[in-house]
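Asker: The structure is given below, and queries will be raised subsequently.
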Amino acid sequence: MSTLDANAGHHDEGSYLSGPPGMMARIWQWATTVDHKKIGVMYLFAVLTMFFIGGMAAMAVRYDLLDPIRTQTVETLNAAGDLETTTITTGESLKEIMSGLGMGKDLTESQIYNRAFTLHGAVMVFMFIVPSIPASLGNFFLPIMLGAKDVAFPRLNLLSWYIYVFGCLFGIMSILLGGVDTGWTFYTPYSTSTDADHWRVVLMVMAAFILGFSSILTGLNFVVTVHKLRAPGMGWFDMPLMIWALYATSIIQVLATPVIGITLLLLVFERIMHIGIFDPAMGGDPVLYQHFFWFYSHPVVYVMILPAMGIISEILAVHSRKHIFGYRAIAFSSLGIAGVSFLVWGHHIFTAMGELAAILFSGLTFLVAIPTAIKVFNWIATLYKGSIVINTSMCYALMFLFTFSIGGLTGLPLATLATDLHLHDSYYVVAHFHYVMMGGTVIAFMGGIHHWWPKMFGKMFNEKGAMLGMALVFIGFNVTFFTQFFLGTQGMPRRYANYVDEFQTLHQISTYGSWILLAGFLVHLVVFVVSLYAGKKAPANPWGGLTLEWECESPPIEHNFHHEPIVKHGPYDFESVVPPHCDPKEFPLPENGGHH
Amino acid sequence: MTMIETDTSSVPARILKSPKHWRNRKAASHWRSGDEEFDAAKFGMWLFLSTEVLLFAGIFCGYAVFRLLYPEAWANGSHYLDWRFGAANTAVLLLSSWTAANAVRLAQLDKQFWFKVNLVITIVCALLFLFIKLKFEYMLKLPAGKAPGTFFSYPMAHDPHEPLWWSLYYVGTGIHAFHVIIGAIIFAVVLWRAVRYQSYGPTQYTLVENSALYWHIVDLIWIFLFPLLYLIH
């Protein structure tokens, strides 16, 4: 595919993308590879595929909510002159689509809707957002940023990709068999009693169980890699902040995922053998399930957001040519978030516990705001007096600061017991969650993909096209989800297919926003495909970054570096180091050494 | 110990020249040295063991919750189990943990014959554990109706929540037994590679050490399951 760079010296190593001739040989090479870069790229395609499936389910959810379901009785005169009563039902949008496809004839609109939002939640959480950044960008860049040739356990890395795909196949099988309507949380006893004669729920739960192994193995691999494979000269505080974020993420993955493993296993036993542990009819405790579930699923939202925060630290520093402000504060706040994450699960089930426990969990939840705010303030301080370059990844990082701050701050009323009583299970929660997960993680993921795209594939992308996609995503995202804060505070409950007339305007605005959002992602897709086929060859260091991946060629060679790198400067020393492979005229050092 | 030190088993040239013989094995290319690779593998194994502890923590937590809710059912539950079979299995596992530790040491000392003997004893103990578990516990209790959840049909039950006790008994010991099976398979792989290639020796014993670590955690979990299920009333 791409050839050897002129400055490659005496080593005769091709890019990691080059391979043997012949389609089958190439496929075999990728299917059996233990190269972390290829595995990262395979993860990228796999998670984006699941993002597409989950996104389509989201579009279905929004499409249903465009119109409320209304049944009217109309009296008409028929040809014979008799009065005839007919019932007209409007707003069954999903049912119309399904019957157009010849499916779901025995399902009501609400049943289809319940499956659509469960599908959206389960796919997006377990198959997209948990593995998204760590498994794709993390796999590709963690070893390179450490100056290593590969992760600690390359074969385990490939195994975790296969486990991921295997888990996704279980999920897809469940969808093809008709889908699940339990909600992505699989709350008992509904999840153990619904669809009693069918395997769909078991398949979906098994999918989440299997995906957990993939997550554990990736996390384990990263922790060991960070400990054991840092390049000579790289101490803990010389690591890029992306590595700190991935390290904190990996710790959570290793420590939280086993708990969801046993929980889902018990759920499967409950369904197949009725062991009764979560069944109130047999003396079991469904709230125990909720405790187990959130003991994993709350920490896991930090698995989703921490790597995003790592990406933001990289993008903001590189594209504003400023030393990151408060390096240690950002690094330790990642670990702080990881630590606190294990103590706050109870805020998902305030109403299912005693008053004292609820107050304690509420107080602990507020703690999360501290390390998070430390990060946000440090990022903003980093931008201050920086040479800010407005490009796609920088815009995504700025968008992150805006949307993630809204998401974070709107979380505080949910952590407050009194306001939560009004807001919980409403669209306010939906909006808050999407502002942190989509406005946080997905936006940072998009920024990260643009930041590292030239490095990963050796091709530049069309900046104007990407900026257009970015603008559409920004507008579409805010139109879709900001309206939902209003819907929620006014009393629109989540997970309902229908609503009272007063909510229709806001629901319609939200649905139109989702179309703009979809258009934005399609523009990005086109830009990426065009870049792969017709993109200009990327230089080794297009943005003037100082972390080790910018010392590699674009795309990197099979073993990443021609010689083992020796780290002599910090990852953000923009005021004193000319970036590798860069013209000093293009990336000048500040005359006063960076001191203002 | 004299017998161990006079291990003079002759080695066929086929094995000595094999790239899988311990003298010929090298660190993977992304490691600076075999020592670093060994340290990393061991560190990874410890992380994995922490996930095992957390996995079983769910079962122990469920045990604690229901014990508090239904103390009568839990007290009755332990009376249905014969502590002698539990104790026998504890002894079997402790013995196997000792032989697993021996195997690591003997690999380090290149005592190939006794290394293999200890691996065989470990595997036999694993199978013996499973045999006792199935033959004298599961096979006797299931037909008597002492089964998990809705399959429970034991007519002499004193407490309506005894089915839950049996659920936790079967889930806990069942998942543990599954780990015993996995352990036996891993030791069988180690044994096969030891017989076929002499893959493990003073500089190459990562898999032996990690298998033994895994085996110790399986043992340790049983050490907790045994008193909780068999001894505490």
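The values are calculated or read from the model by the stated rules, or taken from the named source; none is laboratory data. Because the structure is predicted, anything quoted here is derived from the model rather than measured. Quick reminder, even Gly has a Cβ in these numbers, built from the backbone with ideal geometry, and neighbours come from all protein chains shown.
Asker: Across the stretch A:78-109, what is the number of residues that are on the phi < 0 side of the Ramachandran plot, among the small types (G, A, S) and free of Cβ contacts under 8 Å to residues at least 24 places away in the same chain?
Answerer: Selection size over the stretch A:78-109: 4.
Asker: Taking the residues in the stretch A:272-293 that are buried (at least 22 other Cβ atoms within 10 Å of the Cβ) and in a helix (DSSP H, G or I) as candidates, determine which candidate is farthest from the other protein chains (Cβ to nearest Cβ).
Answerer: Step by step, filter the stretch A:272-293, then rank; the result is A:Q290.
Asker: Which one is nearest to A:M282 (Cα to Cα) among residues in the stretch B:151-174 that are within 27 Å of the chain's Cα centre (by Cα) and either in contact (Cβ under 8 Å) with a residue 40 or more places away in the chain or not in a helix (DSSP H, G or I) (or both)?
Answerer: Checked the stretch B:151-174; the qualifying residue nearest to A:M282 (Cα to Cα) is B:L164.
Asker: Checking the condition within 14 Å of chain B (Cβ to nearest Cβ), under 30 Å from A:S393 (Cβ atoms) and within 27 Å of the chain's Cα centre (by Cα), which residue from A:V301, A:V268, A:V254 passes?
Answerer: A:V254
Asker: May I pose another question? How about the stretch A:139-213: which helices (runs of 4 or more DSSP H) wholly inside it have at least 3 residues that are touching a residue at least 40 places away in the same chain (Cβ under 8 Å) and more than 20 Å from the chain's Cα centre (by Cα)?
Answerer: A:139-146, A:154-176
Asker: Something else now. Of the conditions (1) modelled with pLDDT of 95 or more; (2) more than 9 Å from chain B (Cβ to nearest Cβ); (3) buried (at least 24 other Cβ atoms within 10 Å of the Cβ), A:V201 satisfies every one except a single condition; which number is it?
Answerer: That leaves (1) as the condition not met.
Asker: Also, I was wondering about something else. Among the residues that make up the stretch A:332-345, is at least one of them in a helix (DSSP H, G or I) and within 14 Å of another protein chain (Cβ to nearest Cβ)?
Answerer: Taking every residue of the stretch A:332-345 in turn, at least one turns out to be in a helix (DSSP H, G or I) and within 14 Å of another protein chain (Cβ to nearest Cβ).
Asker: Restricting attention to the stretch A:68-84, which residues are in contact with a Ser or Thr (Cβ under 6 Å, 6 or more places away or on another chain) and of a type in the set (S, T, N, Q)?
Answerer: A:T71, A:T73
Asker: Within the stretch A:374-473, which helices (runs of 4 or more DSSP H) (wholly inside it) include 1 or more residues that are of a type in the set (S, T, N, Q)?
Answerer: Hits in the stretch A:374-473: A:392-409, A:417-423.
Asker: So, one more: With the requirement that a residue be charged (D, E, K, R) and under 21 Å from A:Y327 (Cβ atoms), what does the stretch A:543-587 give you?
Answerer: Once the filter is applied, which keeps residues that are charged (D, E, K, R) and under 21 Å from A:Y327 (Cβ atoms), the stretch A:543-587 yields A:E549, A:E551, A:K568, A:D573, A:E575.
Asker: Counting only residues that are in a helix (DSSP H, G or I) and in contact with a helix residue (DSSP H, G or I) (Cβ under 6 Å, 6 or more places away or on another chain), how many does the stretch A:99-114 have?
Answerer: Count: 3.
Asker: I would also like to ask the following. Check off (1) farther than 30 Å from A:L66 by Cα; (2) surrounded by fewer than 18 Cβ atoms within 10 Å (Cβ to Cβ) for A:E502 and give me the number that stays unchecked.
Answerer: The single condition A:E502 does not satisfy is (1).
Asker: Answer yes or no: is there a residue in the stretch B:84-91 that is surrounded by 14 or more Cβ atoms within 10 Å (Cβ to Cβ), of a type in the set (V, I, T) and away from every other protein chain (no Cβ under 12 Å).
Answerer: The answer is yes, given that some residue of the stretch B:84-91 is surrounded by 14 or more Cβ atoms within 10 Å (Cβ to Cβ), of a type in the set (V, I, T) and away from every other protein chain (no Cβ under 12 Å).
Asker: Which condition does A:V318 not pass, out of (1) more than 14 Å from every other protein chain (Cβ to nearest Cβ); (2) assigned to a helix (DSSP H, G or I); (3) in contact (Cβ under 8 Å) with a residue 12 or more places away in the chain; (4) surrounded by fewer than 24 Cβ atoms within 10 Å (Cβ to Cβ), if it passes all the others?
Answerer: (4)
Asker: OK, next. Kindly indicate the residue of the stretch B:158-181 that is more than 13 Å from every other protein chain (Cβ to nearest Cβ) and among the hydrophobic types (A, V, I, L, M, F, W, C) and also nearest to A:F278 (Cα to Cα) among those meeting that condition.
Answerer: For the stretch B:158-181, the residue satisfying everything is B:A177.
Asker: Please work out which one of (1) touching a helix residue (DSSP H, G or I) at 6+ places or on another chain (Cβ under 8 Å); (2) within 14 Å of chain A (Cβ to nearest Cβ) is the condition B:K116 fails and give its number.
Answerer: (2) is the only condition that B:K116 fails.
Asker: I'm told A:L241 meets every condition in (1) crowded, with 24+ Cβ neighbours inside 10 Å; (2) over 25 Å from A:G310 (Cα atoms); (3) more than 8 Å from chain B (Cβ to nearest Cβ) except one. Can you identify the failing condition by its number?
Answerer: (2)
Asker: Residues A:G354, A:G386: which one is surrounded by 15 or more Cβ atoms within 10 Å (Cβ to Cβ), modelled with pLDDT under 95 and out of contact with any strand residue (DSSP E or B) (no Cβ under 6 Å at 6 or more places or on another chain)?
Answerer: Checking each option against the conditions leaves just A:G386.
Asker: Condition (residue is at the interface with another protein chain (Cβ under 9 Å from one of its Cβ atoms) and free of Cβ contacts under 8 Å to residues at least 12 places away in the same chain) applied to the stretch A:223-230: is it met by at least one residue?
Answerer: Yes; the residues of the stretch A:223-230 include at least one that is at the interface with another protein chain (Cβ under 9 Å from one of its Cβ atoms) and free of Cβ contacts under 8 Å to residues at least 12 places away in the same chain.
Asker: Anything in the stretch A:69-95 that is surrounded by 10 or more Cβ atoms within 10 Å (Cβ to Cβ) and assigned to a strand (DSSP E or B)? List them, or say none.
Answerer: A:R70, A:T71, A:E84, A:T86, A:T89, A:T90 - these are the residues of the stretch A:69-95 that are surrounded by 10 or more Cβ atoms within 10 Å (Cβ to Cβ) and assigned to a strand (DSSP E or B).
Asker: Mind listing whichever residues of the stretch B:58-74 are facing chain A (nearest Cβ under 7 Å) and without any contact (Cβ under 8 Å) to a residue 24 or more places away in the chain?
Answerer: Result: B:G58, B:V65.
Asker: In the stretch A:131-159, which residues are crowded, with 24+ Cβ neighbours inside 10 Å, out of contact with any strand residue (DSSP E or B) (no Cβ under 9 Å at 6 or more places or on another chain) and of a type outside the set (A, V, I, L, M)?
Answerer: Of everything in the stretch A:131-159, those that are crowded, with 24+ Cβ neighbours inside 10 Å, out of contact with any strand residue (DSSP E or B) (no Cβ under 9 Å at 6 or more places or on another chain) and of a type outside the set (A, V, I, L, M) turn out to be A:P131, A:S132, A:P134, A:S136, A:G138, A:N139, A:F140, A:F141, A:N157.
Asker: Report yes if some residue within the stretch B:37-54 is more than 14 Å from chain A (Cβ to nearest Cβ) and touching a residue at least 12 places away in the same chain (Cβ under 8 Å); otherwise report no.
Answerer: The answer is no, given that none of the residues of the stretch B:37-54 is more than 14 Å from chain A (Cβ to nearest Cβ) and touching a residue at least 12 places away in the same chain (Cβ under 8 Å).
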